[in-house]
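These notes concern the structure reproduced below.
The values are calculated or read from the model by the stated rules, or taken from the named source; none is laboratory data. For clarity, every value in this text was computed on a predicted model and none was experimentally measured. Cβ placement follows ideal geometry from the backbone for every residue including glycine, while neighbour counts extend to all protein chains displayed. Please note that ligands, DNA and RNA were not included when accessible areas were found on the heavy atoms of the full protein model with its side chains. Shrake-Rupley method; radii C 1.70, N 1.55, O 1.52, S 1.80 Å.
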Amino acid sequence: MAEVFLRRLSRWQAEQQREAVADVYVEAYEGDPGAEYRDRQSFLRDFENAVQRTDFDMVVADAVGMIGCLYGYRAARTGDWWKGYRGVLPPEVEERTAAGRVFILTELMVVPAYRRQGVSERLRTLLLVRHATDLVVSVIKRDDDLGREVLRSWGWTKLGEFDRDEPGSGAPLRRGESERPGTSGLVWEGWMRPMP
């Protein structure tokens, strides 16, 4: 197995490497046979939107090419992002959001051949080291057993579950699925890194 190197990408570099990121997406999520093109195109649209977010940040893992990545962004100070979490997040979140101290972890992908080798932990450490945030949150689908396993291994806390029936309700997205037609009624889990 080749040695894994990590590097941070600027917004411009992330946009330039979007095809390589989409390749990782397709391999990491092993979609339904024949659906790769649709999933890839949808991912690329979501990725383009994420790259434009305030304080977007991304790190990638390379071995014999890109084998993983992690990215996210600082939550907008308006507080709109947490509407989908009402009753799930601690009450002080609105205050922390207004202070610009909430980071939303949007996507983690590691190709299967490099899983369970500490790549996700290394990506997380490098991504979050330069963000002075009090709260880091992520959202996964309730049936995302691998995502749950990773978040638990990081010591994160499950906040609860919520339905995301209304597209545009403001909760952070994982792979953008809740904004696509046909995803109404999915149950999501909110997770957070322990607060200092």
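Across region 115-138, what is the total count of residues that are more than 18 Å from Ser153 (Cβ to Cβ), among the acidic types (Asp, Glu) and open to solvent by 60 Å² or more (accessible area, probe 1.4 Å)? Within region 115-138, residues that are more than 18 Å from Ser153 (Cβ to Cβ), among the acidic types (Asp, Glu) and open to solvent by 60 Å² or more (accessible area, probe 1.4 Å) number 0. Among residues of region 48-68 being among the charged types (D, E, K, R) and crowded, with 17+ Cβ neighbours inside 10 Å, the one that is modelled with the highest pLDDT is Asp57.
Residue pairs whose Cβ atoms lie under 9 Å apart, sitting 6 or more positions apart in sequence or on different chains, and linking a residue in region 139-151 that is in contact (Cβ under 8 Å) with a residue 24 or more places away in the chain to a partner that is assigned to a loop (DSSP other than H, G, I, E, B) and aromatic (Phe, Trp, Tyr), are Val150/Trp156. Of all the criteria given as (1) modelled with pLDDT under 85; (2) surrounded by 15 or more Cβ atoms within 10 Å (Cβ to Cβ), the one not satisfied by Tyr71 is (1).
When restricted to residues that are open to solvent by 30 Å² or more (accessible area, probe 1.4 Å) and part of a strand (DSSP E or B), region 98-114 contains 1. Scanning region 8-47 for residues that are of a type in the set (Gly, Ala, Ser) and not in a helix (DSSP H, G or I), we see that the one that is modelled with the highest pLDDT is Ser10.
Of the numbered criteria (1) under 19 Å from Ile140 (Cβ atoms); (2) modelled with pLDDT of 85 or more; (3) of a type outside the set (S, T, N, Q), the one Arg86 fails is (2).
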